[in-house]
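Peer 1: Before anything else, here's the structure in question.
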Amino acid sequence: MRSIDSADYQEIEQPVALMAKDFAAGSSTRTHSHPRTQLLYAVRGLMTATTDFGTWLVPEGHALLIPAGVMHRVMMHGPVSMHTAFLSEDALTEPVEDCRIIRILPLLDMLIRALSEEPVDYDLHGRGGHIAALLADEIERAPVARLALPMPRDRRLQTVCQTVIGDLGARVPLDAIADMIGMSRRSFTRRFRDETGISFGDWCGQARLTEALERLARGEPISSVARGLGYSNVRSLQAMLQRKSDRLG
């Protein structure tokens, strides 16, 4: 039987190592890192992964690339079936320097499943080696999905983000937000975009999306989710979820 201990896949000769694991609803990992780059693929269910740099939403059919050595914690929202690929330093043509979400297209999904059926110590020059090489190539070609909730480094902006996350149903005016940390509206919006790469409004929308999907995955009624996140009605929440789904393809 294939090991479900990630430590068993870090020092093997093979450039791509596959591990499959199921998690119960509500479970989570400890904060940890790996010597290898990790591809965290949600075959079924919804996960969120958190690092010092932000939170990434990993819905079914998507995967998170995590650079080697980055500390992270993963939470399961509902039952989750996960496939993890551990990639050696020379498996990819360019190193993964930042976390990013990718869409798992049908070919990449088939390659992951095929490699998981090969022995862990597959022949580098045989079928397993060929699958692994193509799998790594497809990872680099996979489309990126915008499912990150980046965190600013400025402690004042971090305070704002934590305040928003603490009450996602509130709609506090931007001027009041800026005044709370002693900044002008213009300085706040410019600094926030510089540090996160997105506007404050888009960040708040992404935070609500993340929370909505997590609650729905746990089985909470959509009417309750809509009320808790400050939507005027269920239809407004459904429209937001549909727009995001359309952009993800």
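A short reminder: the numbers here are calculations on the coordinates, not readings from a lab. Given the structure is predicted, the values throughout are model-derived calculations rather than measurements. Ideal geometry is used to build each Cβ from the backbone, glycine not excepted, and the neighbour counts take in all protein chains shown.
Peer 1: So which trypsin sites (Lys or Arg not before Pro) in the stretch 1-70 pass both tests, a DSSP loop state and at most 16 other Cβ atoms within 10 Å of the Cβ?
Peer 2: On the way: sites: Arg2, Lys21, Arg30, Arg36, Arg44; in loops: Arg2, Arg30, Arg36.
Counting only loop positions with at most 16 other Cβ atoms within 10 Å, the trypsin sites (Lys or Arg not before Pro) in the stretch 1-70 are Arg2, Arg30.
Peer 1: Helix 155-166 against the longest principal axis of the chain: what's the angle in degrees, Cα atoms only, rounded to the nearest 10?
Peer 2: For 155-166 against the chain, the angle is about 90 degrees.
Peer 1: Take the chain, connect every pair of alpha-carbon atoms lying under 10 Å apart with a spring to form a Gaussian network, then pick out the residue of Pro67, Pro173, Pro106 with the largest mean-square fluctuation.
Peer 2: Pro173
Peer 1: Between the stretch 1-47 and the stretch 70-146, how many Å separate their Cα centres?
Peer 2: Distance between centres, Cα-based: 11 Å.
Peer 1: In Å, what Rg and Dmax follow from the Cα atoms of the stretch 51-120?
Peer 2: Reported Rg and Dmax, both Å: 13.1, 35.
Peer 1: Still on this structure: In nm, give the distance between the simple-model label positions of Asp137 and Gln238, each being 7 Å from the Cα along the Cα-to-Cβ direction.
Peer 2: Output for this residue pair reads 4.4 nm.
Peer 1: Find the Cα radius of gyration of the stretch 18-57, compare it with 2.2 N^0.38 Å by division, and give the number to two decimals.
Peer 2: After normalising by residue count via 2.2 N^0.38 Å, the value is 1.23.
Peer 1: On a full-extension model of 0.36 nm per residue, what is the gain between His32 and Asp8, subtracting their alpha-carbon distance, rounded to one decimal in nm?
Peer 2: 7.2 nm
Peer 1: How long are the three semi-axes of the equivalent ellipsoid of the stretch 124-189, in whole Å, if each is the root of 5 times an eigenvalue of the C-alpha gyration tensor, listed from largest down?
Peer 2: One finds semi-axes of 46, 12, 10 Å for the stretch 124-189.
Peer 1: Who wins for biggest fluctuation among Val172, Val234, Val96 in a Gaussian network model of the chain, springs between alpha carbons below 10 Å?
Peer 2: Ranking Val172, Val234, Val96 by mean-square fluctuation puts Val172 first.
Peer 1: At 0.36 nm per residue, and after removing the present C-alpha to C-alpha distance, how many nm does the segment from Val120 to Ser187 gain when stretched out fully? Kindly include the intermediate steps, with their values, before the conclusion.
Peer 2: On the way: separation 67, 0.36 × 67 = 24.12 nm, distance 5.30 nm.
Gain on extension, Val120 to Ser187, equals 18.8 nm.
Peer 1: Then there's this: Using just the alpha carbons, could you tell me how many Å³ per residue the convex hull of the stretch 130-249 encloses?
Peer 2: Hull volume over Cα atoms, normalised by residue count, gives 140 Å³.
Peer 1: Oh, and also: Using Cα springs under 10 Å in a Gaussian network model of the chain, which residue among Thr159, Thr48, Thr210 shows the largest mean-square fluctuation?
Peer 2: Thr159
Peer 1: So, counting K/R as plus one and D/E as minus one, what does the shell of residues with Cβ under 11 Å around Ser81 add up to?
Peer 2: Charge balance in the 11 Å sphere: 0.
Peer 1: Now for a different question. Using a cut-off of 14 Å between beta-carbons, work out the net charge of the residues near Ser232 (Lys and Arg +1, Asp and Glu -1, Ser232 not included).
Peer 2: Cβ neighbours under 14 Å give a net charge of +4.
Peer 1: How tilted is helix 185-196 with respect to the longest principal axis of the chain? Cα atoms for both, answer in degrees (0 to 90, nearest 10).
Peer 2: It is inclined by approximately 10 degrees.
Peer 1: Eigenvalues of the Cα gyration tensor times 5, then square-rooted: what semi-axes does that give for the chain, in whole angstrom, largest first?
Peer 2: Numbers: eigenvalues 257, 81, 47 Å².
The equivalent ellipsoid of the chain has semi-axes of 36, 20, 15 Å.
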